[in-house]
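Peer 1: Here you go, one structure.
The values are calculated or read from the model by the stated rules, or taken from the named source; none is laboratory data. All values reported here derive from a predicted model rather than from experimental measurement. Glycine gets a Cβ as well: all are built from the backbone with ideal geometry, and neighbour counts include every protein chain shown.
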Amino acid sequence: MTNAIRILGLDPGLRHTGWGVVLVDGARLSHVAHGVIAPDAGLPLSERLLILFEAVLAVVETHQPHEAAIEETFVTANGSSTLKLGHARAAAMLAPARCGLLVAEYAAKVVKKSVVGVGGADKTQVAFMVRRLLPTAGDPCADAADALAVAIAHAHARKLRAYGASPASQADGSRRIA
């Protein structure tokens with residue numbers, strides 16, 4: 001009997017939301033699927049958010065993950081852009097939460113450190129390591145690679161918790177949303 005679990009990683013964005021599903025079986029990580037949700041930029045904001053929600057819901061229904069993880073919003077100089085990113089993030093978070101999944105949140109630096117080893121890694125370094133850690137994923141685009149990296153970071157954080165590290169004592173910056 002196996003204790004394998006599937007983790008959905010999400011890299012939210014209003015133009016492109018990356019998603020990736022990995023299978024964790026002990027110390028082994030395997031690629032399940034990945035993709036990008038790209039609503040038509042010409043649609044009203046409410047319709048794009050609905051498309052994001054419904055598409056992430058379809059991913060959850062198709063791949064049946066046990067847990068989900070999402071990248072936290074970073075604040076930009078443009079408050080309007082940050083607010084819109086927050087809306088997209090909320091739409092993406094609600095779908096797995098609606099299905100009763102744990103949704104963990106990770107800062108971008110935590111994801112990069114978990115996958116690359118350095119919190120200041122750039123997107124090409126993250127994509128390179130995702131290809132190395134999940135060779136059957138092929139060459140995912142940046143948004144999907146980032147989502148797979150979020151799932152990998154969550155898998156690593158789960159291992160830390162399994163070894164007895166309490167979430168309060170972890171310096172990984174993760175937070176859980178039930």
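Peer 1: Here's a check for you: in the range 58-81, which residue that is of a type in the set (G, A, S) and modelled with pLDDT of 95 or more is nearest to the chain's Cα centre (by Cα)?
Peer 2: Within the range 58-81, the first condition is being of a type in the set (G, A, S), and the residues that meet it are 58, 68-69, 77, 79-81.
Keeping just the survivors that are modelled with pLDDT of 95 or more gives 58, 68-69.
Values: A58: 16, A68: 7, A69: 5 Å.
Going through the qualifying residues, I end up with A69.
Peer 1: Continuing with the same structure: Of everything in the range 117-136, what is among the basic types (K, R) and within 10 Å of A149 (Cβ to Cβ)? Give them in sequence order. Explain how you work it out, then say what you get.
Peer 2: Just the residues of the range 117-136 that are among the basic types (K, R), to begin with: 123, 131-132.
Within the range 117-136, just K123 meets the criteria.
Every residue, every condition in (1) part of a loop (DSSP other than H, G, I, E, B); (2) under 20 Å from G138 (Cα atoms), yes or no:
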| residue | (1), (2) |
| --- | --- |
| N3 | yes, no |
| V22 | no, yes |
| E54 | no, no |
| T62 | no, no |
| I70 | no, no |
| T82 | no, no |
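Peer 1: For the range 114-142, which residues satisfy the criterion of being closer than 21 Å to A157 by Cβ and among the hydrophobic types (A, V, I, L, M, F, W, C)?
Peer 2: Once the filter is applied, which keeps residues that are closer than 21 Å to A157 by Cβ and among the hydrophobic types (A, V, I, L, M, F, W, C), the range 114-142 yields V115, V116, V118, A121, V126, A127, M129, V130, L133, L134, A137.
Peer 1: Looking at (1) modelled with pLDDT under 95; (2) under 25 Å from R132 (Cα atoms), which one does S30 not meet, given that it meets all the others?
Peer 2: Answer for S30: the failing condition is (1).
Peer 1: Would you check which residues across the range 35-50 are surrounded by fewer than 17 Cβ atoms within 10 Å (Cβ to Cβ) and assigned to a helix (DSSP H, G or I) and list them?
Peer 2: Once the filter is applied, which keeps residues that are surrounded by fewer than 17 Cβ atoms within 10 Å (Cβ to Cβ) and assigned to a helix (DSSP H, G or I), the range 35-50 yields L45, S46, E47, L50.
Peer 1: Considering V32, V36, V56, V21, which residue is touching a helix residue (DSSP H, G or I) at 6+ places or on another chain (Cβ under 7 Å), within 15 Å of A144 (Cα to Cα) and free of Cβ contacts under 8 Å to residues at least 40 places away in the same chain?
Peer 2: Working: V36 fails: free of Cβ contacts under 8 Å to residues at least 40 places away in the same chain; V56 fails: free of Cβ contacts under 8 Å to residues at least 40 places away in the same chain; V21 fails: free of Cβ contacts under 8 Å to residues at least 40 places away in the same chain.
One residue alone meets the criteria, V32.
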